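Take a look at the structure below.
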Amino acid sequence: MPESFLGDGLIFEEVLPVVWTAGPLAEGSALARLNADNHQLLGAEASLDEVRVHEALKDESPALVQELQRLEYKVNILLRLTAEMALRNSGLPPAQRVLMTSRALEWFGEQIPAVGSTGLLAVYINSALPQPVKISCVVAGERKQDDSRAAQLRFSGMSDAVVEQLDKLIFRHHRRLVAGARFASN
């Protein structure tokens, strides 16, 4: 069962582009740079997800708030178009099934890394952002489910701020699934 490896909290299950680069675990300034980049990327992903009226605007006219929301919508469209153009030029790795928490990931595929290896995992979490979250990992194990193999990767050196943002990403994903299920049943 994935729960024993991934824990008993919410699990992000999706089919996403994933890339593995074997190598030593990130340390020192390289790890700090990974954490800073991941923090920025996860913050950008969160901002694409939600349209929020800032607390400072709550007393402004409804017309101004509506205009700002319209502008935010247009910026989001431009970001998505820019991302799509960037992806066409660079391409993405093939999408594969992943189960993820803020501390570990199971990756289902035919060409998964060997148990005991270390390296850098790149996960493209949002098609509107052509940049991956890059996580230093140890391949802690492997399991089989049906006819698939899954590498069990334990994250290494992730900052508390990045862990918190991953938790929020997983929660938003869960919330969307619940809302989608409710909508489908109505």
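Filtering region 1-39 to residues that are in contact with an Asp or Glu (Cβ under 9 Å, 6 or more places away or on another chain) and either assigned to a helix (DSSP H, G or I) or without any contact (Cβ under 8 Å) to a residue 60 or more places away in the chain (or both) leaves 2, 5, 6.
Within the set 156, 136, the sole residue that is crowded, with 19+ Cβ neighbours inside 10 Å and under 22 Å from residue 20 (Cα atoms) turns out to be 136.
Please verify whether residue 88 is at pLDDT 90 or above, exposed (fewer than 15 other Cβ atoms within 10 Å of the Cβ), in a helix (DSSP H, G or I) and not hydroxyl-bearing (Ser, Thr, Tyr), treating the condition exactly as stated. No: the conditions fail for residue 88. Taking every residue in region 98-114 that is under 19 Å from residue 126 (Cα atoms) and pairing it with any residue that is among the β-branched types (Val, Ile, Thr) and part of a strand (DSSP E or B), at least 6 positions away or on another chain, the pairs with Cβ-Cβ distances below 6 Å are 105/98; 107/18; 107/98. State whether one or more residues within region 18-27 are closer than 12 Å to residue 100 by Cβ and not hydroxyl-bearing (Ser, Thr, Tyr). Yes, because at least one residue in region 18-27 is closer than 12 Å to residue 100 by Cβ and not hydroxyl-bearing (Ser, Thr, Tyr). When you check residue 12 against the structure, is it modelled with pLDDT under 90, crowded, with 16+ Cβ neighbours inside 10 Å and in contact with a strand residue (DSSP E or B) (Cβ under 8 Å, 6 or more places away or on another chain), yes or no? No: the conditions fail for residue 12.
Against the test of being in contact with a Phe, Trp or Tyr (Cβ under 8 Å, 6 or more places away or on another chain), assigned to a loop (DSSP other than H, G, I, E, B) and surrounded by 18 or more Cβ atoms within 10 Å (Cβ to Cβ), the options 170, 125, 112 yield a single qualifying residue, 112.
Within the set 148, 102, 185, 117, the sole residue that is out of contact with any Ser or Thr (no Cβ under 6 Å at 6 or more places or on another chain), surrounded by fewer than 17 Cβ atoms within 10 Å (Cβ to Cβ), within 16 Å of residue 16 (Cβ to Cβ) and of a type in the set (S, T, N, Q) turns out to be 148.
Restricting the first member to region 171-186 and to residues that are under 17 Å from residue 42 (Cα atoms), and the second to residues that are exposed (fewer than 10 other Cβ atoms within 10 Å of the Cβ), no beta-carbon pair is closer than 6 Å while six or more apart or on different chains. Out of region 14-50, which residues are within 20 Å of residue 169 (Cβ to Cβ) and among the polar types (S, T, N, Q)? Passing the criteria: 35, 38, 40, 47.
The values are calculated or read from the model by the stated rules, or taken from the named source; none is laboratory data. None of the values given here were measured: they were computed from a predicted structure. Glycine also receives a Cβ, built like all others from the backbone with ideal geometry; neighbour counts cover every protein chain displayed.
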